[in-house]
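A short worksheet on the structure shown next.
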Amino acid sequence: YFGCGLAIPGFLDGMHVLDLGSGSGRDCFVISKLVGDNGYVVGIDMTDEQLSLANKYIDYHTKKFGLSKPNVEFRKGYIEKLGEAGLKDNSFDVIVSNCVVNLSPDKKTVLQEAFRVLKPGGELYFADIYTDRPLSEAARKSDLMWGECISGALVWKDLVMYAEEVGFETPRLVTSYIYDVPFDCVKQLLEGARFSSATYRLVKKKADIKPVPVKAIYKGSLTECGHTFELDASHTFEAGIPLEVAGDVAAVLKSTRFAVHFDFEELPVADVDTDKEYEKSVEQADPFAYAVRTGATKNIFTDENQKAVEALLRNEVVVQ
């Protein structure tokens, strides 16, 4: 197992869920329990060994979770080419992924494919590593840094750009922490770039939903969270207490499976500065600002790995 965050959202009962880069199937099996007999889970991976291992435990988890029939399957394929794996348009409620998009050489195409197979109102909920600037060629060619999901890190502002270009709403940051670089040899290679592990939700807005500001009133009816519902790092709703939200956030709430748990009161739009609303949404998507504000940090390597890391980097320099 390898990952960089929790990539399983709440409120999945009855949902059809796709896992991009499902590996040994761990997340898929957890989700299969959460979606229940009325839901279904598909994991896609390109590695035969991982798929073989995952398939081996389908029956075990079906019985362990008390399901009436298997509700999970694994398919071989590439996350940039979901159509080749037989995945159709508008067929999933939720897509998850845990530090896998990072490894793709064509991240925008991954987002395009995710958007295509999501139902209107569906979401891509995924954890990955991001950076604050483009990386040097040496950093991008380092096998060690690829293995640590550093070389493939997307500049977080590019995520915002790609997401919007393929049709998603502005990414909503759920949580993040600084991915700290502890050794001088690694810092030198990365030339001052910072890294963050972040979880985002990207929503495919329903076509008939207009992005107008509202007072959103949470009904307190989501049993998994009770009195308080957290949409993202910037929006927490208390049951029965109106909260004014911008048009793009309102569109997310109204489009998704959360809509029935809210009442909405539209606000006057005459004085709304849409440019400022957008700038605020982009600011809220900044994983570094949030992680610095909360003080959340995790080291890429442990201290006992320093000599091994230094040796590996020296070897890469020699090989190159």
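The alpha-carbon atoms of the stretch 25-97, seen along their principal axes, cover 34, 29, 18 angstrom, with the largest extent given first.
Once you wrap a convex hull around the alpha carbon atoms of the stretch 134-291, what is its projected area averaged over all directions, in nm²? Result: a mean projected hull area of 11.1 nm². The H on the amide N of Val155, modeled in the peptide plane, is under 5 Å from the matching H of Thr131, each at least 5 residues off or on a different chain. Every Cα-Cα pair of the stretch 1-139 was included, and the share exceeding 27 Å stands at 17 percent. Evaluated over the Cα positions of the stretch 137-179, the convex hull gives a direction-averaged projected area, one quarter of its surface, of 4.0 nm². One compactness figure for the stretch 92-157 is 1.22, namely its Cα radius of gyration divided by 2.2 N^0.38 Å.
For the chain, the equivalent ellipsoid derived from the Cα gyration tensor has semi-axes of 33, 27, 18 Å, listed largest first.
What residue among Leu124, Leu202, Leu231 has the largest mean-square fluctuation in a Gaussian network model of the chain, using Cα springs under 10 Å? The residue that fluctuates most here is Leu231. Rounded to the nearest 20 debye, the dipole magnitude of the stretch 9-158 is 180 debye, with +1 charges on Lys and Arg beta carbons, -1 on Asp and Glu beta carbons, and the Cα centre as origin.
Here the chain is assigned +1 on the Cβ of each Lys and Arg and -1 on the Cβ of each Asp and Glu. Its dipole about the Cα centre then comes out at about 740 debye. For the chain, the relative contact order comes to 16 percent (Cα pairs under 8 Å, sequence separation of at least 6). Could you look at the stretch 1-74 and say what percent of its accessible area is carbon and sulfur, using a 1.4 Å probe and all protein chains? Here it works out to 54 percent.
A 1.4 Å probe run over the protein chains yields, for the stretch 166-320, 52 Å² of accessible area per residue, whole-number rounding.
Spacing of the modelled spin labels on Val155 and Glu244, each 7 Å from Cα toward Cβ, amounts to 3.5 nm. Give Lys56/Lys307; Lys63/Lys219; Lys119/Lys280; Lys254/Lys298; Lys69/Lys219 a once-over and call out the pairs whose C-alpha atoms are over 29 Å from each other. Result: Lys56/Lys307; Lys63/Lys219; Lys254/Lys298; Lys69/Lys219 exceed 29 Å. Helical content alone sets the calculated 222 nm signal of the chain at -9500 deg cm²/dmol, taking -39,500 (n - 2.57) per DSSP H segment of four or more residues and averaging over every residue.
Comparing mean-square fluctuations of Val155, Val35, Val269 from a GNM of the chain with C-alpha springs under 10 Å, the top value falls on Val269. Just to be sure I follow the definition: excluding the sites themselves, where is the longest run in the chain that has none of the chymotrypsin sites (Phe, Trp or Tyr not before Pro) in a DSSP loop with at most 13 other Cβ atoms within 10 Å? Longest stretch, sites excluded: 3-320. For the residues Gly240, Gly152, Gly77, a GNM of the chain with alpha-carbon springs under 10 Å puts the largest fluctuation on Gly240. Surface composition of the stretch 142-208: carbon and sulfur atoms hold 45% of the protein heavy-atom accessible area at a 1.4 Å probe.
Normalised by the number of residues in the stretch 169-320, the average gap of Cα pairs under 8 Å and 6 or more apart makes the relative contact order 35 percent.
The values are calculated or read from the model by the stated rules, or taken from the named source; none is laboratory data. Bear in mind the structure is a predicted one, so any value in this text is a computation, not a measurement. For neighbour counting, all protein chains shown are included, and Cβ atoms are generated from backbone atoms with ideal geometry for every residue, glycine included. SASA here: full protein model, heavy atoms, side chains in, ligands and nucleic acids out. Shrake-Rupley method; radii C 1.70, N 1.55, O 1.52, S 1.80 Å.
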